[in-house]
């Protein structure tokens, strides 16, 4: 709905140009996905939802910011053309652009790389042969029960139906349109993004725990 509103506002008044940027699974020090992964420790890291054959796109947060700046620059270039509308193959205003790192990976491979960077005992010694694969149907049933039971006490489990769906879905997109029209290329690779995110994310989690204890 928000994207539709942005696109519909394009050229609604003279000199007012808009476009939509669609970052795919952004990750960084403070995001929920990274925090959720880092909360999983010990024996829990040997459980896997699904068969890990689902490719999943991610986008390091600095690349998301970079894409927004490129989009703004492209809109300003269009603005100086006055009322002239660029060719369809070059147009930015009124358009939507997927943004990612352009290197989809299997979901659990990405997750385990995050754990490896964390470096807790056992994270580096991970053995894929020890993985216990939980089917998505069974996982959904377990998550539903946990949500219902914990919901009675005003609590929300980390293991939810949304978490199950997100970790088992195939979700990647082409960024060729952004490359062609915005001249977008990721400034940081996934590996760099993980290295730049994990330690600050762990520090954020520790700070949250300390604040919770004070309350």
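The values are calculated or read from the model by the stated rules, or taken from the named source; none is laboratory data. These numbers come from a predicted model, not from an experiment. As a convention, Cβ positions derive from the backbone with ideal geometry for all residues, glycine included, and neighbour counts pool all protein chains shown.
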> Only one of these conditions is not met by residue 204: (1) farther than 30 Å from residue 87 by Cβ; (2) surrounded by 17 or more Cβ atoms within 10 Å (Cβ to Cβ). Which number is it?
Replying inline: (2)
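Out of all the residues in the stretch 47-67, which are part of a helix (DSSP H, G or I) and in contact with a strand residue (DSSP E or B) (Cβ under 6 Å, 6 or more places away or on another chain)? Working first, answer last.
So in the stretch 47-67, the residues part of a helix (DSSP H, G or I) come out as 61-67.
Scanning the stretch 47-67 gives 61, 64, 67.
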> If you scan the stretch 113-124, which residues turn out to be within 26 Å of the chain's Cα centre (by Cα) and at pLDDT below 85?
Replying inline: 122, 123, 124
> Quick one: what pairs do we get from the stretch 163-175, first residue within 18 Å of residue 134 (Cβ to Cβ), second assigned to a helix (DSSP H, G or I), C-beta under 6 Å, 6+ apart or different chains?
Replying inline: 164/139; 164/140; 164/143; 167/107; 168/136
> Which ones in the stretch 10-24 are surrounded by 18 or more Cβ atoms within 10 Å (Cβ to Cβ) and either part of a strand (DSSP E or B) or out of contact with any helix residue (DSSP H, G or I) (no Cβ under 6 Å at 6 or more places or on another chain) (or both)?
Replying inline: 21, 23, 24
>> Please go through the stretch 91-112 and give me each residue that is within 15 Å of the chain's Cα centre (by Cα), in contact (Cβ under 8 Å) with a residue 60 or more places away in the chain and under 18 Å from residue 52 (Cα atoms), ordered by number.
In response: 103, 104, 105, 107, 108, 110, 111
> Within the stretch 73-90, can you find the residues that are over 24 Å from residue 174 (Cα atoms), in contact (Cβ under 8 Å) with a residue 40 or more places away in the chain and part of a loop (DSSP other than H, G, I, E, B)?
Replying inline: 83
